[in-house]
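Q: Quick one: the structure is below, and I'll ask about it shortly.
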Amino acid sequence: MDNSCRKLIFNIYIGFYCSAIILPQMCICSYFSTPSIDQFNKDAGTFPVATNGQPFPWHELRLPTVVTPLHYDLFVHPNLTSLDFVASEKIEVLVRDATQFIILHSTDLEITNATLQSEEDVRYRKPGKKLTVLSYPAHQQIALLVPEKLMADLRYYVTIDFQAKLADGFEGFYKSTYRTLGGETRTIAVTDFEPTQARMAFPCFDEPLFKASFSIKIRRESRHIALSNMPKVKTIELEGGLLEDHFETTVKMSTYLVAYIVCDFNSVSGTSSSGVKVSVYASPDKWSQTHYALEASLKLLDFYENYFDINYPLPKLDLVAIPDFESGAMENWGLITYRETSLLFDPKTSSVSDKLWVTKVVAHELAHQWFGNLVTMEWWNDIWLNEGFATYMELISANATYPELELGACILNMLKDFLSEEKFQKGIINYLKKFSYGNAKNDDLWSSLSNSCLEGDFTSGGFCYSDSKTTSNTLAFLEENMEVKEMMTTWTLQKGIPLVVVKQEGRSLRLQQERFLSGVFKEDPEWRALQERYLWHIPLTYSTSSSDAIHRHILKSKTDTLDLPEKTSWVKFNVDSNGYYIVHYEGHGWDQLITQLNQNHTLLRPKDRIGLIHDAFQLVSAGRLTLDKALDLTRYLQHETNIPALLKGLEYLETFYHMMDRRNISDVTENLKHYFLRYFKPVIDTQSWSDEGSVWDRMLRSVLLKLACYLNHAPCIRKATQLFSQWMESGGKLNIPTDVLKIVYSVGAQTTAGWNYLLKQYELSVSGAEKNKILYALSTSKHEEKLMKLIELGMEGKVIKTQDLAALLHAIARNPEGQQLAWNFVRENWTELLKKFGLGSFPMRMIISGTTAHFSSKDELQEVKLFFEFLKAQGSHLDVFQIVLETISKNIKWLEKNLPTLRTWLLASI
Ligand code: BES
Ligand code: ZN
């Protein structure tokens, strides 16, 4: 519903997905040794039992590699009235070793016939031999037993006829519905396969390593269109008026990237510089919201083709806004699917942050077309690289195409800074070229990056030796080529983030590295054990009060010492926040930096000022810096003109306010409110209620006015109320500036008339951006019965779609009046929620953490613990339980330690 929710979805899967869904499989796999195929015959008793009672000839989760797919001919005919589909496929396979069975994936598909042909059979058009199909649902596998052994090094053709219902949820081949402006409900059919749901749509070798080409045919009614990864070659008219679209054969690709859609959408199209036809599709009433995504995707496609030095290999690229979509977007090759709010931009109701979000998601999924699609991870344990890289490219590409944004940092950014931009890019290009249409693992990327020769470099024995090394700062590390892999391993194999403790003693800097632990203090008994064996190779950068130059040093040991050429009043590490580590300045370090910020903050770079605010508050949560010191550091913000720095400071103040408000600690909330309104008054009062200015001006306006109205600042409430009344009087026709729209709706939602009116408009609106704003506003009501009504509508899934239920519960839980209600609801309706979303799904994780992770009292912790124990006793277990319990414990600890300090600091400051 807002960016923090969206970020949450993403963080949840980046953080939890690998360990919850993927790692268990990995672990299980590694415990099994690969049996030889003949073992089946000798040792059938040890194999699992298929649904028909016969032994199933394979017991591993991973498929055998004896038979590999080369090509799929896939025919699908969905019926959007009876909501099911019939389909058939012919898979060309290569047999590597003689075998009597073929194992592949299939989930909930009714297989009506399976036959096998040899190449000769095909050549002479001989009918296929019937195959026996065994099914082992626990592993989502089927076994095709052949009458005669398949011979090594020969190709065979497996034909399978099958049918199923269009799925109810958001996975496999599923149905999605939307309402037209005229009030009609229409159905479309769409696929979503990552990571392992292609097997719900067609029997296949559903692992990323089994790349093959696909020729897809889709039968449809004439009122619909069909889309797939490739452009259509032809349409055949069938008796009875049905049409059949034949699509061009794809390049070699993994099954999770296959996609097809049958819908009645409209599109806008354009052509990239290299001649790729790019189209953006949406339901007919939303067609007018597609133009921004087209502009952005054309720009970004050009950017990536240049950056990667590899043309996008398909003739077309479609981006489609799907009315029911579980996550944010999915990078299917040539047919990217998006949640409507991740793709559509409505000039009347989409704010600047909505636009930024669309830009980011488009950039992310486009980056996957190379990183992920062209080169794919060998196995899901390296998915973080796919996702981490696409996230990193969001920043690189957005900075290149929208330079005013100057977005943030991550591990890959640190590596780029370490290697130099040029070398980093060259390494990426080498990697993509080397592994195109194939698979790679982590290590392959690090090798390419550490061995990327620039022009003029001297190559010997496969390594680069550059003359520039001795002179260039960025390349001034000996044996750097060998070091990258070693260094990156310390970042990818260890969990967490390092803390660098700096102590200045005259001209000497004493350095020490630790594992940064939020919520665990150095004096806690568990601290030492949590530190053990953690060591990073940290490419440090620093500047000093006497030199703006960027100095570099790799910290590889626990402790180290650096000598400065002269005595300086302060040192600032992690220049431009390019590194992925937190820095603590012991002794007078922080005081000296605070003094500098107050005297003349512009002597520190803007990104360094942001970094200092960030690190200071992180150190408070680790018990290394007192809260008053971190708050003192933010005092300079009254002179700050750099908006991202201002927003960073505001973000922390706002967090504290919400924490106090939720716990009803009224003296502190009151004082924080007075502090904020007084301290930021000059900047609040100069905000206009418009959409004018740069991206950052507009972001600041949204954040400041939202907070001011939330704190009941009279002029803010007055203006918002006035705009809301005008909007209601105009029958919802008045255009309110988009950046303040959410604020105006939220103020309006506080009266019953306003709330009811908003709910009506919610039903009518065809703008996802507007609907999100209205739903957020509705969720801020102080009336429990209204909040309950929203939850009921979300459970029903008609007015409020099921895809929005998790964000709704999260929003209600953030409202102090709704937090108990949301939490009770989740506990009491757990089974119902589980029926809608799988246990490990994004929404379920969001529901669990969204309704609990803000708790900060011992009683609440106890309640949550009890509930999780109850779930575990029922056999439901998720890693997110542990994460939530740790977060609540941290909140409790933070309050215990910092509440008195906050109280005193505020009294002295207002
Ligand atoms: N490929 C992912 C979605 C995904 C990841 C699906 C893992 C299943 C398993 C996609 O590229 C993605 O990252 N989507 C994000 C949006 C993105 C802009 C952060 C999402 O859906 O949250
Ligand atoms: Zn992604």
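The values are calculated or read from the model by the stated rules, or taken from the named source; none is laboratory data. Predicted model, so just to flag it, every value in this text is computed and none were measured. Glycine also receives a Cβ, built like all others from the backbone with ideal geometry; neighbour counts cover every protein chain displayed. The accessibility values were calculated without ligands, DNA or RNA, using every heavy atom of the protein model including side chains. Shrake-Rupley method; radii C 1.70, N 1.55, O 1.52, S 1.80 Å.
Q: Kindly state, as a whole number, the per residue volume in cubic angstrom of the convex hull around the alpha carbon atoms of region 836-890.
A: Each residue corresponds to 71 Å³ of Cα convex hull volume.
Q: Checking the cross-link filter: which lysines have an alpha carbon closer than 18 Å to that of Lys567, excluding same-chain neighbours under 8 positions apart?
A: Lys503
Q: Now a separate question. Could you work out how far the C-alpha centroid of region 226-272 sits from that of region 105-175, in angstrom?
A: If we compute the Cα centre of each part, the gap is 23 Å.
Q: Defining a contact as two alpha carbons under 8 Å apart and six or more residues distant in sequence, what relative contact order in percent does region 201-255 show?
A: 48 percent
Q: Roughly how tilted is helix 589-600, in degrees to the nearest 10 and between 0 and 90, from the longest Cα axis of the chain?
A: 80 degrees
Q: So, one more: Skip the ligands, DNA and RNA, and give the accessible area per residue of region 531-633 with a 1.4 Å probe, whole Å².
A: Heavy-atom SASA per residue in region 531-633 reads 40 Å².
Q: In debye to the nearest 20, how big a dipole does the chain give about its Cα centre with +1 on each Lys and Arg Cβ and -1 on each Asp and Glu Cβ?
A: Here the chain has a charge dipole of around 1160 debye.
Q: Roughly speaking, what is the stretch gain from Lys130 to Arg533, that is 0.36 nm per residue apart minus the C-alpha to C-alpha distance, in nm to one decimal?
A: 139.3 nm
Q: What is the helix-to-structure angle for 383-401, meaning the angle in degrees between its Cα long axis and the longest Cα principal axis of the chain, kept from 0 to 90 and rounded to the nearest 10?
A: Tilt of helix 383-401: around 60 degrees.
Q: Give the share of C-alpha pairs in each 5 angstrom bin for region 261-344, from 0 to the last occupied bin, in whole percents, shortest bins first.
A: Using 5 Å bins, I get a P(r) of 3, 16, 27, 26, 17, 9, 3, 0 for region 261-344.
Q: Summing Lys, Arg as +1 and Asp, Glu as -1, what charge do residues with Cβ under 13 Å from the Cβ of Arg845 carry, Arg845 excluded?
A: Net charge around Arg845: -2.
Q: Then there is this: Determine the gain in length on full extension of the stretch Leu243-Ser222; use 0.36 nm per residue of separation and subtract their C-alpha separation, reporting nm with one decimal.
A: Gain on extension, Leu243 to Ser222, equals 6.9 nm.
Q: One quarter of the convex hull surface, Cα atoms only: what value does that give for region 108-223 in nm²?
A: Reported value for the Cα convex hull: 10.2 nm².
Q: While we're looking at this one, here's another question. Could you tell me the largest-minus-smallest coordinate of the C-alpha atoms of region 143-279 on each of the three principal axes, in descending order and whole angstroms?
A: Projected onto its principal axes, the Cα set of region 143-279 covers 60, 40, 36 Å.
Q: What Kirkwood Rh does region 199-250 have if only Cα atoms enter the pairwise 1/r average? Answer in Å.
A: 12.5 Å
Q: Skip the ligands, DNA and RNA, and give the accessible area per residue of region 236-276 with a 1.4 Å probe, whole Å².
A: I get 38 Å² per residue for region 236-276.
Q: Which percent of the accessible heavy-atom area of the chain goes to carbon and sulfur, probe 1.4 angstrom?
A: Carbon with sulfur: 51 percent of the solvent-accessible area.
Q: Quick one: which of Lys348/Lys836; Lys789/Lys872; Lys355/Lys733; Lys217/Lys836; Lys90/Lys234; Lys217/Lys299 span more than 24 angstrom between C-alpha atoms?
A: Lys348/Lys836; Lys789/Lys872; Lys217/Lys836; Lys217/Lys299
Q: While we're here: Roughly what percent of Cα-Cα pairs across region 479-556 reach past 17 Å?
A: Result for the distance tail: 56 percent.
Q: Taking a quarter of the surface of the Cα convex hull of region 759-910, what do you get in nm²?
A: 10.8 nm²
Q: What FRET efficiency, computed as 1/(1 + (r/R0)^6) with R0 = 30 Å and r the Cβ-Cβ distance, is obtained for Lys629 and Lys858, rounded to the nearest 0.05?
A: In this case the efficiency is close to 0.65.
Q: I've got another one for you. Extending each Cα 7 Å along its Cβ direction at Glu586 and Glu785, get the distance between those two points in nm, one decimal.
A: Going by the 7 Å Cα→Cβ label model, 6.2 nm.
Q: Now for a different question. Largest first and in whole Å, give the semi-axes of region 646-763's equivalent ellipsoid, each being the square root of 5 times a Cα gyration tensor eigenvalue.
A: Gyration-tensor ellipsoid for region 646-763: 25, 18, 12 Å.
Q: To the nearest 10 degrees, how steep is helix 752-764 against the longest Cα principal axis of the chain, on a 0 to 90 scale?
A: So the inclination is approximately 30 degrees.
Q: Ratio to report: Rg/Rh of region 330-426, with Cα atoms as the point set and Rh obtained by the Kirkwood method; give two decimals.
A: 1.00
Q: Hey, could you pull the Cα Rg and Dmax for region 563-644, both in Å?
A: 12.2, 35
Q: Computed on alpha carbon atoms, what radius of gyration and Dmax characterise region 35-162, expressed in Å?
A: For region 35-162, the Cα radius of gyration and maximum Cα-Cα distance read 15.0, 50 Å.
Q: Translational diffusion coefficient of the chain at 20 °C, 1.002 mPa s, Stokes-Einstein with Kirkwood Rh over Cα pairs, in µm²/s as a whole number.
A: Translational D for this selection: 71 µm²/s.
Q: Here's another thing I want to ask about it. Given R₀ = 25 Å, what would the calculated FRET efficiency be for Asp667 paired with Gln638, taking r from the Cβ atoms and rounding to 0.05?
A: 0.55
Q: Shifting gears a bit: Counting pairs of alpha carbon atoms under 8 Å apart in space and at least six apart in sequence, what relative contact order in percent does region 642-790 give?
A: 17 percent
Q: Which value results when the Cα radius of gyration for region 514-556 is divided by 2.2 N^0.38 Å?
A: Rounded to two decimals, the normalised Rg is 1.63.
Q: Read phi for every residue in region 199-212 and hand back ³J(HN,Hα) as whole Hz from Karplus 6.51 cos²θ - 1.76 cosθ + 1.60, θ = phi - 60°, with x for Gly and Pro.
A: Couplings: 5, 7, 9, 7, x, 7, 8, 8, 10, x, 6, 7, 7, 8 Hz.
Q: Using the basic label-point model (7 angstrom from Cα toward the beta carbon), what is the Glu148 to Glu792 distance in nanometres?
A: The modelled label-to-label distance comes out at 6.9 nm.
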